[in-house]
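The values are calculated or read from the model by the stated rules, or taken from the named source; none is laboratory data. The shown structure was predicted, so the numbers you read here are calculated from the model rather than taken from an experiment. With ideal geometry, Cβ positions are generated from the backbone for all residues, glycine too; neighbour counts draw on all protein chains shown. Protein only, heavy atoms only, side chains kept; ligands, DNA and RNA dropped before computing areas. Shrake-Rupley method; radii C 1.70, N 1.55, O 1.52, S 1.80 Å.
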Amino acid sequence: MSKKSKAFLFPVLLTCTTPYALADFVKDTQASLELRNFYYNRDFRNEGASQSIRDEWAQGFIFNVQSGYTTGTVGFGIDALGLLGVKLDSSPDRTGSGLLAYDSQRNVEDEYSKLIPTAKARLGRSELRIGGLNPVMPMLSSNNSRLLPQVFRGGMLVSKDLDPLTVSALRVNAVKQRNSTDFQAMTVLGYKAVEADNYTYLALDYKALPALTLSYHIAELEDLYRAQFFGIKADRPLGSGTLISDIRYFSSSETGNAGLGEVDNRTLSTLFAYRLGGHTFGAGFQKAWGDTSFAVINGADTYLFGESLVSTFTAPQERVWLVRYDFDFATVGVPGLTLGLKYVKGDEVDPALLRSSQAASLRAQGEDGEEWERVTDITYTVQSGPFKNLSAQLRNATNRSTYADSANENRLIFRYTFKF
C-alpha cells in the first residue's frame, strides 16, 4: 500500500473507533466473488507472423468488498479488490493472450494474484478515492476484457455537488495490467516504450437536458503528451423507438520534454443508432488526422467505436466505417439471450507512417493500407433455478489487414457471481 493510502486510512480507523460511527460502515458493506472462466484463441492468418497462434485457458477469481461510510459530515470507508488468475492450459509458444502472466522467456506462471485496497471519503455528493482505481473515462478507460481487470494506482475525486455539472479530477502514477502481479510505470500504446511518472486528468460533464450530455476533458501524461476530448451524447424519442447520437472527438500532441517524439493525432468517432423494441440498428464513422497513431495508455480501452476484438482501428490517418446490430431476445420470450453483430472497415492508412513489413510492401507498391473486421457476440444468462445468473458468452472475430497481422479469434467466457 502506498504512503498516501496509509495516510488516508488513519482518519478512517480513528473515526471507526465508536460504534455509532461504525454502524453505516458495516451495514452498507457489500461483497461479491465473481468466477470467470476464460478460453482465448487467436489464429494468425498471414505468412511471416511473429507468432502463429495465441491459445490459453484460465480461471479467474474476482473478490470485491465495498464498505459503507462512517457516520458524520465526512464519511470514510475502505474497499478492497482481490484478484487471482489460475492457469488451466498454456505454453510459452501460445501465450500473449492477456490472460496469464509470463516471464521474459515466455514461461507461464501457474497462478498470479493481486490484492488492491482503496480508501475513500464522501462529503455531500463528492467522493474521493485513493488506492486502486478502475476509471471508465474517455481518455482513461480501464480494460476489463480478459480474465482480470486492469487497475490503476492513484487518487480520483468525483463531485456532483454542482449538478447538472459533474467534475472529475484524477491523478494516477502506476498501472497493474490485466495479466500482471505488480504495479508498473505507464507507457503509450504504439509509441516508444518511454515510462511516465504521472497521468493527470480533469473532466467536465454537463447534463444540459435529461437526454443530452456535453463533455470536455483534458489530460496529460507527464512530459510525454497532452490530450483533449469533446463529447456530445443525446437520446431522443423518434416514432416508436429512440434515436441515439454519440459524437466523440480526441486531440493529442507532444508536451514537456517530448520523450515520445512527435505526437500528432486528431480522431473523430461517431455512432448513430435507432432502438426499437429489442432491436438496435447502428452505424458510425471514424476518421484520424495527423502523422501518428491514436495516443492511449498501454493496455487501456481506446473509447473509440471502431475498436474491435483483433484491431483497435487506430492507425495514422485511418478512415473507418462501421455498422452494428444488437437484439435482445427477451422481446420474443427468451430472456437472458442477447446477440451483437458488428462490421468495421478501415482504409486510407498511410503506410509511410508505419513500421510493419506489410507497410513496407505497401510503400513499394504505392498503395494505402486497409483492414476489415466482423464480430459476433452471443450471451446467455440463466434466469432461474440453481444456476441463476450463470452467463456464457461466445465472442468471434475475423480480421483481415494489408498493413498488419490478420487473425481469426474466438473467446468463450463463463461468469458466475456470488453476493454476500
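Values for this structure:
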read-out	value
With every protein chain in place, the stretch 306-419: carbon and sulfur % of accessible area (1.4 Å)	55
Span from the the stretch 196-227 Cα centroid across to the the stretch 281-344 one, whole angstrom	21
The stretch 53-195 - charge dipole about Cα centre, Lys and Arg +1 at Cβ, Asp and Glu -1, debye rounded to 20	440
Charge tally in the Cβ shell below 10 Å around Asp347, where Lys, Arg are +1 and Asp, Glu are -1, Asp347 excluded	-3
Most mobile of Leu140, Leu209, Leu224 in a GNM of the chain (Cα contacts under 10 Å)	Leu209
Equivalent ellipsoid dimensions for the stretch 205-316 as semi-axes, Å, which come from the Cα gyration tensor, largest first	31, 16, 10
Rounded to whole Hz, the Karplus (6.51, -1.76, 1.60) HN-Hα couplings of the stretch 284-301, x for glycine and proline	x, 9, 9, 9, 10, 10, x, 9, 10, 6, 4, 9, 8, 4, 4, x, 7, 6
Point-charge dipole on Cβ atoms (K/R +1, D/E -1) for the chain, about Cα centre, debye to 20	1240
Residue among Arg122, Arg400, Arg106 with the largest mean-square fluctuation in a Gaussian network model of the chain, springs linking Cα atoms under 10 Å	Arg106
Given charges at Cβ of Lys, Arg, Asp, Glu: the chain dipole, positive-most of Ser159, Tyr216, Ala315	Ser159
Within the stretch 306-419: Cβ-based charge dipole about Cα centre, in debye rounded to nearest 20 (Lys, Arg +1; Asp, Glu -1)	680
All Cα pairs of the stretch 128-169, percent lying beyond 11 Å	69
Signed unit charges on C-beta, dipole axis of the stretch 88-128, positive-most listed residue Gln105, Ala119, Ser90	Ala119
Estimated 222 nm signal from helices in the chain, with DSSP H stretches of n ≥ 4 weighted -39500 (n - 2.57), rounded to 500	-2000 deg cm²/dmol
Computed lengthening from Tyr206 to Leu353, 0.36 nm per intervening residue step minus Cα-Cα distance	49.2 nm
Rh by Kirkwood over Cα pairs, then Stokes-Einstein D for the stretch 306-419 at 1.306 mPa s and 10 °C, µm²/s	98
For Ser391, net neighbour charge (Lys/Arg +1, Asp/Glu -1) across residues whose Cβ lies under 15 Å away	+3
Neighbour net charge for Tyr403 - beta-carbon separation under 9 angstrom, K R +1, D E -1	-3
The chain: most fluctuating residue of Gln150, Gln365, Gln228 per GNM, C-alpha cutoff 10 Å	Gln365
Kirkwood hydrodynamic radius (C-alpha pairs) into Stokes-Einstein, the chain, 20 °C and 1.002 mPa s, D in µm²/s	92
Relative contact order [Cα under 8 Å, 6+ residues apart], the chain, whole percent	12
Which of Gln286, Tyr343, Gln177, positive extreme of dipole for the chain (C-beta unit charges)	Gln177
Residue-by-residue Karplus 3J(HN,Hα) for the stretch 235-252, coefficients 6.51, -1.76, 1.60, Hz, glycine and proline x	10, 8, x, 8, x, 8, x, 10, 8, 10, 10, 9, 10, 10, 10, 10, 9, 9
